[in-house]
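The structure appears right after this line, and notes come after that.
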């Protein structure tokens, strides 16, 4: 049974950003965004499967932040990012694009996406040019600051907030949840 694109139906997802750096691998300090899409389960090769997709390591121009307007991105505009489809393992996207815009619903964004997946299929069931596209609402899960990922490490909510403010318009519109090992800032 060939896996067909129209059998893959998005049902939601989330996105977040992470203040991150890694001097050893020359990853400069910045906000790195991640989008995750959840799909209805599928029947494939006589079994039920959970599937998902993600686009990671996105970086947006400071003028777009906080996300109050439409953002459009693609593999061409975000060459350092990675996109993949998950079905038993991660299958890389050959090409992708998306549009993300605020919804009228509180803390919801409308995601329209198109992913071309390099999927070999399972059990010798080739699926050439698997294209997954759709539109769904996704939640914003906040701005994450993990002190151990930064040097110097922020020692308080105020220091973490000041670090984030260097990369986006970070005002009193956010509240902080201190989870001991990380700070999570969400819109109020």
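Some notes on this structure:
- The stretch 7-26: number of residues that are more than 18 Å from the chain's Cα centre (by Cα), farther than 23 Å from residue 108 by Cβ and surrounded by 14 or more Cβ atoms within 10 Å (Cβ to Cβ): 1
The rows are residues; the columns are (1) more than 13 Å from the chain's Cα centre (by Cα); (2) closer than 19 Å to residue 9 by Cβ; (3) assigned to a strand (DSSP E or B).
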{"position": "79", "(1), (2), (3)": "yes, no, no"}
{"position": "91", "(1), (2), (3)": "yes, yes, yes"}
{"position": "116", "(1), (2), (3)": "yes, yes, yes"}
{"position": "128", "(1), (2), (3)": "yes, no, no"}
{"position": "131", "(1), (2), (3)": "yes, yes, yes"}
{"position": "141", "(1), (2), (3)": "no, no, yes"}
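- Among the residues of the stretch 132-188, those that are closer than 30 Å to residue 117 by Cα, out of contact with any helix residue (DSSP H, G or I) (no Cβ under 8 Å at 6 or more places or on another chain) and either free of Cβ contacts under 8 Å to residues at least 12 places away in the same chain or crowded, with 17+ Cβ neighbours inside 10 Å (or both) comprise 134, 136, 138, 140, 142, 144.
- Residues located in the stretch 101-114, provided they are within 19 Å of the chain's Cα centre (by Cα) and touching a residue at least 24 places away in the same chain (Cβ under 8 Å): 101, 102, 103, 107, 108, 109, 110, 111, 113
- Per the listing 98, 39, 85, the residue uniquely modelled with pLDDT of 95 or more, more than 14 Å from the chain's Cα centre (by Cα) and either surrounded by 14 or more Cβ atoms within 10 Å (Cβ to Cβ) or more than 25 Å from residue 183 (Cα to Cα) (or both) is 39.
- Residue in the stretch 58-71 that is surrounded by fewer than 18 Cβ atoms within 10 Å (Cβ to Cβ), in a strand (DSSP E or B) and at pLDDT 90 or above present: no
- Of all residues making up the stretch 101-121, the number that are at pLDDT 85 or above and under 21 Å from residue 4 (Cα atoms): 8
- Looking at 58, 3, just one residue is under 17 Å from residue 144 (Cα atoms) and touching a strand residue (DSSP E or B) at 6+ places or on another chain (Cβ under 6 Å), and that residue is 58.
The values are calculated or read from the model by the stated rules, or taken from the named source; none is laboratory data. Worth saying up front: this structure is predicted, and the values here are computed from it rather than measured. Note: ideal-geometry Cβ built from the backbone for every residue, glycine included; neighbour counts use all protein chains shown.
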